[in-house]
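The values are calculated or read from the model by the stated rules, or taken from the named source; none is laboratory data. Since the structure is predicted, the reported quantities are computational estimates derived from the model, not experimental observations. Please note: Cβ atoms are built from the backbone with ideal geometry, for glycine as well, and neighbour counts cover all protein chains shown. Each accessible area value is taken on the protein alone, full model and side chains, heavy atoms only, with ligands, DNA and RNA left out. Shrake-Rupley method; radii C 1.70, N 1.55, O 1.52, S 1.80 Å.
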Amino acid sequence: MNTTIKNQNILVSGASIAGPALAFWLNKYGFNVTIVEKTSVLREGGYRVDVRGVAVDVAERMGLMNKIRQSGTAMRGSSFINSSGKRMVSMADPDMFGMRQPNDAEIMRGDLSTILYEATKNDVTYIFNDSIADLVQTAEDVRVTFKSGKSGTFDLVVGADGLHSNVRNIAFGDSKNFIQNFGYYFAIFTIPNFLGLDHWELSYMAESRVMNVFSTGDQNEAKALFMFASDTSDYNYRDTEAQKKTLYVRYRDDGGEISRVMNCLAGTPDFYFDSISQVHMDSLSRGRVVLLGDAGYCPSPAAGQGTSLALVGAYTLAGELAAAAGDYQLAFSRYEKNMGGFIAKNQELIKGMEQMFPKSKRQVWLQTNAMRLMLRLPWKEKILKGMFKKVQQKVDDAANGIVLKDYTAFEKEAVK
């Protein structure tokens with residue numbers, strides 16, 4: 001441990017993406033990190049996530065980008081289907097609709113989480129099946145009480161525990177003051193691969209709702225994603241059965257293959273449901289407590305940049321703590337200043353999200369047939385690129401909307 005650094009003992013809440021990424025860098029700079037995670041084991045579920053723009057540079061600096069690419073989804077293409085499962089339109093360029101550049105990568109959230117855990121487990125203390133129950137800050141430290149009844153004293157606490165951050169609730173107040181719900185919801189769960197998908201995805205559009213099912217080559221399993229508009233404003237994100245009922249009612253009348261997917265709800269081994277929301281904070285820190293990733297600046301799943309923000313935020317926060325030799329007030333201020341513009345650009349990507357959801361059956365028919373006609377034209381690639389150019393540019397600008405500082409001088413090897 002580097003004794004010239006102040007506030008070396010850091011507790012991080014959350015072992016998904018942001019927390020382990022932060023621990024990776026903090027360990028390089030000589031900090032002592034403990035990660036507490038409420039689940040009993042590392043969460044392997046989730047959907048596809050993107051590593052784009054400067055986040056690729058962060059992953060390269062971690063030495064993990066090759067592993068990320070090797071574990072990528074390797075999708076070959078996609079098809080739009082009707083409710084009976086008939087493929088209405090097919091295309092073999094998933095990166096175009098995913099707004100990914102050649103250097104970007106798509107990976108399952110659980111696979112990325114595992115890569116980060118494996119890269120940190122020997123240098124970081126992980127505590128599973130526990131969480132923070134209370135925080136008491138003093139001039140010298142943060143006294144933490146865990147739900148297990150145990151307690152500990154840490155120099156700093158980082159909330160990297162997602163949209164419904166427990167740390168944020170305790171240290172900053174009611175989440176309703178910080179979470180902006182856009183009136184859309186999504187659900188993700190695993191189903192049997194009865195559609196025979198092999199690195200292929202199927203998308204279904206209906207009035208005010210969409211569905212996507214894909215498999216990365218597993219003959220037995222596929223992932224299903226549902227997104228829909230709703231005026232439901234008050235739901236219990238902990239009540240899984242109520243969430244399943246809400247989803248079932250929304251899609252039960254679509255019939256055909258959609259009904260077959262919905263019939264998998266009861267027996268699915270995993271289920272995740274939440275609102276499409278953003279987090280907006282007046283400040284990312286309060287005393288010795290600081291927020292990272294979705295806990296502090298969730299851009300919403302519809303923006304597709306949550307993972308990249310988490311990786312870049314982790315790199316920046318750890319680097320600023322190292323550069324300030326543990327002076328947390330200076331480091332937190334610099335972290336927030338450096339990330340501000342990057343956060344704003346990526347949160348703006350949600351604008352126009354409503355265009356993803358057809359407003360009527362006629363609009364569904366028009367969109368599907370327009371796409372089908374266009375893909376028959378000999379110059380279809382040029383037309384598609386033209387259609388997506390403006391949106392792609394906005395995504396690229398957001399994904400590259402920060403200049404990464406170089407913190408290598410503060411690594412343990414460099415300061416010996």
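Please verify whether the stretch 61-81 includes one or more residues that are more than 24 Å from ARG43 (Cα to Cα), at pLDDT 95 or above, open to solvent by 40 Å² or more (accessible area, probe 1.4 Å) and of a type outside the set (A, V, I, L, M, F, W, C).
From the stretch 61-81, those more than 24 Å from ARG43 (Cα to Cα) are 61, 76-81; that's our starting set.
With at pLDDT 95 or above added as a condition, the list becomes 61.
Adding the requirement that they be open to solvent by 40 Å² or more (accessible area, probe 1.4 Å) leaves 61.
Subset that is of a type outside the set (A, V, I, L, M, F, W, C): 61.
Within the stretch 61-81, one or more residues are more than 24 Å from ARG43 (Cα to Cα), at pLDDT 95 or above, open to solvent by 40 Å² or more (accessible area, probe 1.4 Å) and of a type outside the set (A, V, I, L, M, F, W, C).
Taking (1) within 23 Å of the chain's Cα centre (by Cα); (2) in contact (Cβ under 8 Å) with a residue 24 or more places away in the chain in turn, PHE194 satisfies each apart from (1). Scoring SER277 on the criteria (1) open to solvent by 40 Å² or more (accessible area, probe 1.4 Å); (2) not in a helix (DSSP H, G or I) leaves a single failure, condition (1).
Yes/no matrix, rows are residues, columns are (1) under 25 Å from SER16 (Cα atoms); (2) surrounded by fewer than 20 Cβ atoms within 10 Å (Cβ to Cβ); (3) aliphatic (A, V, I, L, M):
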{"site": "GLY306", "(1), (2), (3)": "yes, no, no"}
{"site": "ALA323", "(1), (2), (3)": "no, yes, yes"}
{"site": "GLN347", "(1), (2), (3)": "yes, no, no"}
{"site": "THR368", "(1), (2), (3)": "no, yes, no"}
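Please find, among SER259, SER283, the residue that is small (Gly, Ala, Ser), open to solvent by 20 Å² or more (accessible area, probe 1.4 Å) and outside any loop (DSSP other than H, G, I, E, B).
Of SER259, SER283, the one residue that is small (Gly, Ala, Ser), open to solvent by 20 Å² or more (accessible area, probe 1.4 Å) and outside any loop (DSSP other than H, G, I, E, B) is SER259.
Looking only at residues of the stretch 39-55 that are among the hydrophobic types (A, V, I, L, M, F, W, C) and under 27 Å from ALA187 (Cα atoms), we find that the one that is surrounded by the most Cβ atoms within 10 Å (Cβ to Cβ) is ALA55.
Looking across the stretch 148-183 at every residue that is at pLDDT below 95 and over 16 Å from TYR237 (Cα atoms), the one that is least open to solvent (accessible area, probe 1.4 Å) is identified as GLY173.
Six or more apart or on different chains, Cβ under 8 Å: which pairs go from a residue in the stretch 395-411 that's closer than 10 Å to GLY53 by Cβ to one that's open to solvent by 30 Å² or more (accessible area, probe 1.4 Å) and assigned to a loop (DSSP other than H, G, I, E, B)? Could you list them? Close Cβ pairs satisfying both conditions: ASP396/GLN101. Checking each residue in the stretch 286-302 for being part of a helix (DSSP H, G or I) and either open to solvent by 10 Å² or more (accessible area, probe 1.4 Å) or free of Cβ contacts under 8 Å to residues at least 40 places away in the same chain (or both) picks out ASP294, PRO301, ALA302. Checking each residue in the stretch 199-222 for being in contact with a strand residue (DSSP E or B) (Cβ under 6 Å, 6 or more places away or on another chain), open to solvent by less than 40 Å² (accessible area, probe 1.4 Å) and not hydrophobic (A, V, I, L, M, F, W, C) picks out GLU201, SER203, TYR204, SER208, ASN212, SER215.
Of the strands (runs of 3 or more DSSP E) lying entirely inside the stretch 1-62, the ones with 2 or more residues being over 23 Å from PHE154 (Cα atoms) are found at 48-51. Whenever a residue of the stretch 325-343 is among the small types (Gly, Ala, Ser) and in a helix (DSSP H, G or I), its partners that are buried (at least 20 other Cβ atoms within 10 Å of the Cβ) and modelled with pLDDT of 95 or more, lying with C-beta atoms within less than 6 angstrom and at least six residues away or across chains, give the pairs ALA331/GLU320; ALA331/LEU321; ALA331/ALA324. Sub-7 Å Cβ pairs linking a first residue in the stretch 6-31 that is within 23 Å of MET65 (Cβ to Cβ) and β-branched (Val, Ile, Thr) to a second residue that is part of a loop (DSSP other than H, G, I, E, B) and at pLDDT 95 or above, at least 6 apart or interchain, are VAL12/ALA160; ILE17/GLY293, ordered by first then second residue.
Among the residues of the stretch 102-132, those that are at pLDDT below 95 and small (Gly, Ala, Ser) comprise ALA105, GLY110.
Checked against (1) loosely packed, with under 14 Cβ neighbours inside 10 Å; (2) in contact with a helix residue (DSSP H, G or I) (Cβ under 7 Å, 6 or more places away or on another chain), ARG87 passes all but condition (2).
Remark: pairs (first residue in the stretch 102-126, within 18 Å of LYS28 (Cβ to Cβ) and open to solvent by 40 Å² or more (accessible area, probe 1.4 Å); second residue among the hydroxyl-bearing types (Ser, Thr, Tyr) and modelled with pLDDT of 95 or more; Cβ separation under 6 Å; 6+ apart in sequence or on different chains) = THR125/THR34. Checking each residue in the stretch 127-147 for being outside any strand (DSSP E or B) and either on the phi > 0 side of the Ramachandran plot or open to solvent by less than 70 Å² (accessible area, probe 1.4 Å) (or both) picks out ASN129, ASP130, SER131, THR138, ASP141.
Within the stretch 236-254, residues that are among the aliphatic types (A, V, I, L, M) have Cβ atoms under 8 Å from residues that are part of a loop (DSSP other than H, G, I, E, B) and exposed (fewer than 12 other Cβ atoms within 10 Å of the Cβ) in these pairs: ALA242/ASN236, counting only partners at least 6 apart in sequence or on another chain. The number of residues in the stretch 158-182 being over 17 Å from TYR335 (Cβ atoms) and outside any strand (DSSP E or B) comes to 13.
Which of the residues spanning the stretch 147-191 are among the acidic types (Asp, Glu) and within 21 Å of the chain's Cα centre (by Cα)?
Within the stretch 147-191, the subset among the acidic types (Asp, Glu) is 155, 161, 174.
Once the filter is applied, which keeps residues that are among the acidic types (Asp, Glu) and within 21 Å of the chain's Cα centre (by Cα), the stretch 147-191 yields only ASP161.
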